[in-house]
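Worksheet: the structure to be examined is printed underneath.
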Amino acid sequence: MKTTSLYVLAVAGVCALAACRNEGTPSGCPAADTSAAPIDAPVMAFLSAARALHHEADVHESTGDLEGASAALARLVALPAPAAVEVDEVLADAHARLAELGLRRGDLATGEREVRAGLDHAQGATYFRGHLLEVEGRIEEARASTFADAGRGPEAAQARARAIALLDEAVSVQEQVIQKALGTTDGGTHDVDHGK
Amino acid sequence: MTSTTASERTRHAAGRSVAAVALAALLGLSLDMCGGAAASRPPESPSAAPTGGAYPSETKSVQGQPSEEPTPSAAPPAAAATSPGDASSGARAREAARAELARAQRDLETANSDCAAACRALASMERATDHLCALAGDSDDQSRCDDARRKVLAARERVRSTCGSCQ
């Protein structure tokens, strides 16, 4: 799963850093960036636990056990979380995955709740915020469909409009992420506020 | 959800392999700078790497290189016999090669990380656009759809030209 690979990368990177620090000489290791904050043991422990729980969720999801997958991820977001950027990213991503699982189960209320919780850990133009907005847009799309099926036209239209706004915001955020990652200085960037 | 685990692993394995090739090139350069016995080393590298050019074999030949580094140290006595200045300039050249290797390695790792981030964002962007356009009803919605599609096309091209394929 792509999310598992994200954490494999994160933990691998953390372990690589630890391995380099443990060596007697820096040979073979990237030169230390003294301006960067070191990753401490609690953060490494959290990342390791997160990877394990994502893997557990993968196993459940592979057998169609969405409840089991959600339970594993619920344990992840309930872990004592040290204060670190990497931890916020992991939590944002876990909440996004929980929201998607809720969406797949038809539990839109849980999905929306998880998106809200995830957005608390994702500020600014980051992939994690963009992904959460994308998921929320898809939740509103599902809500619009439910309202339409129930013959509740005005509510369906409202949900559809909100879905479009959220998805449009997600596109803009991810556009900024790509520009930031690849060093593009094209126009089209703008700050968007999330709110009902 | 699209699984990119295998592709991400492949991409990062490729990134490590490119770093290994860069390492081999720079070590070869430093050995040349050392001169002497090192002159006999480079020809061994091509023979160590299979003609298939499989990265793992190249990696092995690269991994073999560091152990071969001590051999050039047999050269210094002969070099020292000729001029102490040659030995110090050789040491400076090796140090410069190591520093350049470290910079190249960092650049490769950063590039791989940036491309992974961009690919992830592009995938999310594409999904959001597909759902947005599926919902588009009136002309305003259609304009947003068209705008989103343009952004996706531009982003896709940007990622392709910088990172190649995301898969």
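The values are calculated or read from the model by the stated rules, or taken from the named source; none is laboratory data. Predicted model, so just to flag it, every value in this text is computed and none were measured. For neighbour counting, all protein chains shown are included, and Cβ atoms are generated from backbone atoms with ideal geometry for every residue, glycine included. Please note that ligands, DNA and RNA were not included when accessible areas were found on the heavy atoms of the full protein model with its side chains. Shrake-Rupley method; radii C 1.70, N 1.55, O 1.52, S 1.80 Å.
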Each label sits 7 Å from Cα toward the beta-carbon; between A:A45 and B:A154 the label points are separated, in nm, by 4.7 nm
Please give, to one decimal in nm, the separation of the simple spin-label points placed at B:R92 and A:A71, each 7 Å out from Cα toward the Cβ. 6.8 nm
What nm value, rounded to one decimal, do you get for the distance between A:E155 and A:R113 when each label is placed 7 Å out toward the C-beta? 1.9 nm
Order of B:129-140, A:167-178, A:105-116 by packing, highest average Cβ count within 10 Å first? A:167-178, A:105-116, B:129-140
Within 10 Å of each Cβ in B:134-147, the average number of Cβ atoms from other chains: 3
Note every residue of the stretch B:92-127 with a reduction of at least 10 square angstrom in accessible area, all protein chains present versus the isolated chain, computed with a 1.4 Å probe, or write none. B:A102, B:Q105, B:R106, B:E109, B:D114, B:A117, B:A118, B:R120, B:A121, B:S124, B:M125, B:R127
What does the structure give for A:129-141 when I average, per residue, the other chain Cβ atoms found within 10 Å of the residue Cβ? 3
Gained length - A:Q123 relative to A:A83, 0.36 nm times residue gap less alpha-carbon distance: 12.9 nm
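Please average, across the residues of A:117-127, the number of beta carbons from any other chain that are within 10 Å of each residue's own beta carbon, and give a whole number.
Working: counts 0, 0, 0, 0, 0, 0, 0, 0, 1, 2, 10.
That average works out to 1.
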